[in-house]
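Heads up: the structure comes next, in structure tokens.
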Amino acid sequence: MNPTFKFELIHECAQSKARLGRLTTPHGVIETPCYMPVGTQATVKAMTPLELREIKTQILLSNTYHLYLRPGHELVKQAGGLHAFMGWNGPILTDSGGFQVFSLGDLRKITENGVEFRSHIDGSRHLFTPERVMEIEAALGADIIMAFDECVPYPADHDYTEKSMHMTHRWAKRCKESQLRADQALFGIVQGGTYADLRADSAKAIADMDFIGNGIGGLSVGEPKPMMYEMLEVVNAILPKNKPRYLMGVGSPDCFFEGVLRGVDMFDCVLQTRIARNGQALTSRGPLTIRNATFERDFSAIDPDCDCYACKNFTRAYVRHLIKAEEILAARLLSIHNLRFSLALMENIREAIRNDRLLDYKKEFYETYGLL
RNA sequence: GGAUGGGUUCCCGAGCGGCCAAAGGGAGCAGACUGUAAAUCUGCCGUCAGUGACUUCGGUGGUUCGAAUCCACCCCCAUCCA
């Protein structure tokens, strides 16, 4: 095990399987459970690193596929690595491009060796193999790097899901064997679609490879939520307790609770910043489409219970005006808010775990949020 | 006073005998968004209402089986000439 990384389990909630932890990385310590804002193209859309600091971001996510294509991982390396390049000196996690294999659809062809794909930017041909991805992630220099996997769509039949899963396992092994830097924590990724037996097999296989942390991928791709929660239970019963568990791409408020209650430690999600750009705010009273006409003359804060810059200084009516006028500040203010809302929610979740009352807190939150 | 070009559904604007409740924009309204090909995408957008019915294309009258589209007169607007 790499000494640069340390995951300490500080407390387990007496009411659930929720865990309070502390993950040490070269660029800082992360309290878990945590939410990681997503900065795909070496920027969390609409946010400066200073603002990310102010809302108490602990760690950011970025993306191998996107940075490889533009501006190119060699350029990022020349710039001194991703931290220096984007002006963020806190921890960073890079996703491997496995999700793009999924989302780019017919632009790619999957083989045992890797994925041949065409750039969504200029159509040029490229090949990602586990070894190549490790090379790129090493050049980018994130603190945590993800193994290259195939994210299987939903629905997918058992046979396809199983074959894909085994390939993901072989790729995980190849990633581990070709990892280039000791100062990066490599996480494996559990797949297995929506099949409990496959999820169990995958969790076992990935756990046996002894990664520093374990990702749970291929969820929240269209399957019903109860199905996702069931998969989490299967997987987390098998994944080692002394290593961080990262539920990839999931991050609505209810998913935070349901995931943490089932032993998840890390989340990332683009929802916060995406819906912000589309005029919607997450609030303690549930999501609000600030763009809607109801808020035209609503001079209250976006979320009266929030402590962020946007909520403390502006009104819903003003933000709605900015949205209608297509002013860039609308996206900025709502991004600041939605991210702060999610980070603060996670802070509250950690506090509730510490006090052995996560189920109680969930009930309180859901009541106000409108989920009960 | 004369000449020419125009007046189309909230706005701009296409249509120039039937396939027109009327293209296309814009505005407006609503919905979606979960390891970001997303400051994107989708739907609605005359009225009432189940396929349907009804009232619309400056006004009035006419031609025609049928008119936003053709004719006459009138009213406005723009530009040019006196």
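Return only the number of the condition from (1) on the phi < 0 side of the Ramachandran plot; (2) open to solvent by 10 Å² or more (accessible area, probe 1.4 Å); (3) more than 14 Å from the chain's Cα centre (by Cα) that A:F99 does not satisfy.
All conditions are met except number (3).
Condition first: free of Cβ contacts under 8 Å to residues at least 40 places away in the same chain and either within 12 Å of RNA strand B (Cβ to nearest atom) or of a type in the set (D, E) (or both). Now tell me which residues in the range A:80-102 satisfy that.
Scanning the range A:80-102 gives a single hit, A:Q100.
Hey, among the residues in the range A:148-191 that are under 20 Å from A:V76 (Cβ atoms) and part of a loop (DSSP other than H, G, I, E, B), which one's most open to solvent (accessible area, probe 1.4 Å)?
A:L180
Here's the yes/no breakdown for (1) assigned to a loop (DSSP other than H, G, I, E, B); (2) among the charged types (D, E, K, R):
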residue: A:H11; (1), (2): no, no
residue: A:Q15; (1), (2): yes, no
residue: A:L20; (1), (2): no, no
residue: A:A42; (1), (2): yes, no
residue: A:A46; (1), (2): yes, no
residue: A:E51; (1), (2): no, yes
residue: A:Q58; (1), (2): yes, no
residue: A:H66; (1), (2): no, no
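Search the range A:279-290 for residues that are under 16 Å from A:C269 (Cα atoms) and open to solvent by 30 Å² or more (accessible area, probe 1.4 Å) and pair each with any residue that is at pLDDT below 95 and more than 10 Å from RNA strand B (Cβ to nearest atom) when their beta-carbon atoms are under 6 Å apart and the residues are at least 6 apart or on different chains.
Sorted first by the residue in the range A:279-290, then by its partner, the list stays empty.
Are there any pairs with C-beta distances below 7 angstrom linking a residue in the range A:212-227 that is free of Cβ contacts under 8 Å to residues at least 40 places away in the same chain and open to solvent by 60 Å² or more (accessible area, probe 1.4 Å) to a residue that is in a loop (DSSP other than H, G, I, E, B) and within 8 Å of RNA strand B (Cβ to nearest atom), with the two at least 6 apart or on different chains, and if so which?
A:S220/A:G249; A:S220/A:V250
Output the residue which, of all residues in the range A:82-94 that are out of contact with any Asp or Glu (no Cβ under 8 Å at 6 or more places or on another chain) and surrounded by 16 or more Cβ atoms within 10 Å (Cβ to Cβ), is nearest to A:T168 (Cα to Cα).
As a first pass, look at the range A:82-94 and keep what is out of contact with any Asp or Glu (no Cβ under 8 Å at 6 or more places or on another chain): A:82-90.
Narrowing the set further to residues that are surrounded by 16 or more Cβ atoms within 10 Å (Cβ to Cβ) leaves A:82-83, A:85-86, A:88, A:90.
Numbers: A:L82: 26, A:H83: 28, A:F85: 31, A:M86: 30, A:W88: 31, A:G90: 29 Å.
Per the criteria, the residue is A:L82.
The values are calculated or read from the model by the stated rules, or taken from the named source; none is laboratory data. On a predicted model such as this, the values are computed, not experimentally measured, just so you know. Virtual Cβ from ideal backbone geometry, glycine too; neighbours counted across all protein chains shown. Just so you know, the surface numbers come from the protein's heavy atoms only, side chains and all, with ligands and any DNA or RNA stripped out. Shrake-Rupley method; radii C 1.70, N 1.55, O 1.52, S 1.80 Å.
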